[in-house]
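These notes concern the structure reproduced below.
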Amino acid sequence: METHLLEERLKNAPTSPGVYLMKNESGVVLYVGKASNLRNRIRSYFGSPWSMIDKVQRLTARIDDFEFMVTHSEQEALLLENSMIKKHKPKYNVRLKDDKTYPYMKISLQEDFPRVEFTRRIEKDGAKYYGPFASASSLRKTMDALKKLFPYRSCNRVITGKDARPCLDYYIHRCVGPCIGAASTGEYRQVIDQVVKFMEGKDEDVLTELKAKMEDSAEKLEFERSAVLRDQITSIQRVTERQRISMVNKQMDADVIALARRKDIAWAEVFFIRQGKVIGRDNFLLEGTADETDSSVLSSFLKQFYSSASYIPAEILLPVEPEESELISEWLQSKREKNVEVLVPERGDKKQLIEMVAQNAEQGLKEKLIKESADQDSLGKAMDELREQLNLPRLPKRMECYDISNIQGTNSVASMVVFENGQPKKAHYRRFKIKTVEGANDFASMQEVLRRRFARFNKDTIVSSSDTETLDSQKKEAAWKIVPDLVLIDGGKGQLNAALEVFLEMGLKDVPLASLAKQFEELYVPDNTEPIILDRKSPALYMVQRLRDEAHRFAISFHRDRRSTGAYESQMDSIPGIGPRRKRALLRKFGSLEGIREASVTDIAATPGMTTTTAQKLKQML
């Protein structure tokens, strides 16, 4: 940017609160910040570099442009800053790793027979949400544990109480059977209330209720029900005993947070304490933390974590005071609509809690780094071996694998999956609908897909797989322009020859090609009549198997989606008055055609956009 233009823009920048974005010459956002006085803060980036920390010096050397957004208050600026960081993922910000959509547990209290569900979106729909959880697997583990403790339904059925028979869950005492009328709305709601209380740490209330029911059943000589309740009580007691920390006040409602740091990453460990018990824990990785203080990293974590958290406790215990502590406290109080204390304990039980969580953070980060180091060593050996065995011109840092999926030639689809440095690069995965091939002709289908994929090459702008910074800035379109270090085809010699024909036709002489035959896990390469057989314990074989299996999984899931959509549309399209909007609304409400068939005309007619007449026609046709 020219000096006189920069001076003019700085002079006219507002002195009000707001958010600013620093960009490089390609327009990529490098940093997002907020300020109580935008003019002063932005001007500070264009002063003498010698007074700046190393990280800011590196940032300012790359700034070519900036923009800003004015807000009414610092709190508004804080919220806008969070959303901009999540949107742009700027390199120089402290940011939660992979913070796109964290998973939540949803309890649909607005329904007559609520479900406990996995979701990534919070809506104002009357449901209760718990989270965010660090990963889908950590949430699913929690949900699995809950399902073993409480007999709520896990199906998508429309509950009428008139089903002919229940599912297996009822017979193994994992569901109270509202579908067959074994539990009324009120009885089922009691089970859900117990789940809510347990998630909020009120397990003593749950145990009191269950013990009263067990005694009542025993008095009525309902010994089987009494035994089921006894087993449930025992299971809950075992879980809650593991949760209890003796040093904590029984009424304590707090999140305890500690950090462990190495180089450019930080591990944030969070213990969730409700009613004096640890009801859960989670950990989150933060990137871009080099040259940042613990106070700055904690401040960034609190803002990003609690901007999407479904619950904010009365206390947040930290090892050091975060930057902008007062502003963050005010913001959290406005979100909770109650008092929130951000505390840094210096002695006593709460200090011991911080130390315990800090030890867990250190151990968690240490184990992650050890695992990553071992994985990298193994991946490096695998790529070296693959290069040697397949006689590749370069290390296979970027590998693409293709697979075809169909059933007797119907709904033919293909997948392209990408591994970079031995890890899935899901942003570059692609799906293809087969357009020109009729029937089950995998060879011709593979040729169509390869022609379509490599037609996207623009030979004047091909990007090297090692130029990652350029690729990140060019984003999705750049993925088509990267030269793969290896293209792997799922299949044997025949599939390889079909692919080779396309490569010769398109002049792709510098793109290595191979195929992996599933029966004996043999690798085939052009100009070599004999297969390459890797050792069964070879890391190279394990890597190409993972790549092939991922391509197969991705193709199968796409084919399944197309097949189910086709089946749904084929039956619904023939019904007069059922258009795309009504189909979507019906599927959203009832989950499947089976659910619609089981629903009453009244329930169908109550679906947004439906009428009683159309509902009657639909019911009759199905």
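The values are calculated or read from the model by the stated rules, or taken from the named source; none is laboratory data. No experiment lies behind these values; they were computed from the predicted model shown. Don't worry about glycine lacking a Cβ; one is built from the backbone with ideal geometry, like all the others, and counts go over all protein chains shown.
Structure values in brief
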{"read-out": "Filter result for VAL511 (in a loop (DSSP other than H, G, I, E, B) and without any contact (Cβ under 8 Å) to a residue 60 or more places away in the chain)", "value": "yes"}
{"read-out": "Residue within the range 18-34 that is under 25 Å from LYS335 (Cα atoms), of a type in the set (Asp, Glu) and not assigned by TED's automatic domain parsing to the domain that holds GLU323 present", "value": "no"}
{"read-out": "Filtered residues of the range 274-309 (kept if among the hydroxyl-bearing types (Ser, Thr, Tyr) and in a helix (DSSP H, G or I))", "value": "SER295, SER296, SER299, SER300, TYR306, SER307, SER308"}
{"read-out": "Some residue of the range 349-371 being more than 18 Å from ILE257 (Cβ to Cβ) and touching a strand residue (DSSP E or B) at 6+ places or on another chain (Cβ under 9 Å)", "value": "yes"}
{"read-out": "Counted residues, the range 327-349 - those being more than 31 Å from the chain's Cα centre (by Cα) and within 18 Å of ASP294 (Cβ to Cβ)", "value": "3"}
{"read-out": "Candidate set from the range 107-146 (those that are over 24 Å from GLY177 (Cβ atoms) and small (Gly, Ala, Ser)); member that is modelled with the lowest pLDDT", "value": "ALA134"}
{"read-out": "Residue in the range 325-341 that is aliphatic (A, V, I, L, M), under 18 Å from VAL256 (Cα atoms) and not in a helix (DSSP H, G or I) present", "value": "yes"}
{"read-out": "Residue in the range 53-72 that is within 30 Å of GLY131 (Cβ to Cβ) and either in the same structural domain as ASP291 (by TED's automatic domain parsing) or exposed (fewer than 14 other Cβ atoms within 10 Å of the Cβ) (or both) present", "value": "yes"}
{"read-out": "Close pairs (8 angstrom Cβ cut-off, 6 or more residues apart or separate chains): in a loop (DSSP other than H, G, I, E, B) in the range 425-437, among the basic types (Lys, Arg) anywhere", "value": "LYS425/ARG398"}
{"read-out": "Matching option when the condition is at pLDDT below 85 and over 25 Å from TYR130 (Cβ atoms), among GLU200, GLU209, GLU204, GLU219", "value": "GLU219"}
{"read-out": "Condition met for ALA606 (more than 26 Å from the chain's Cα centre (by Cα), modelled with pLDDT of 80 or more, more than 30 Å from LYS397 (Cβ to Cβ) and hydrophobic (A, V, I, L, M, F, W, C))", "value": "yes"}
{"read-out": "Residue within the range 389-403 that is surrounded by fewer than 16 Cβ atoms within 10 Å (Cβ to Cβ), part of a helix (DSSP H, G or I) and either in contact with a strand residue (DSSP E or B) (Cβ under 9 Å, 6 or more places away or on another chain) or at pLDDT 90 or above (or both) present", "value": "no"}
{"read-out": "The listed residue being polar (S, T, N, Q) and at pLDDT below 90, out of SER308, SER296, SER300", "value": "SER308"}
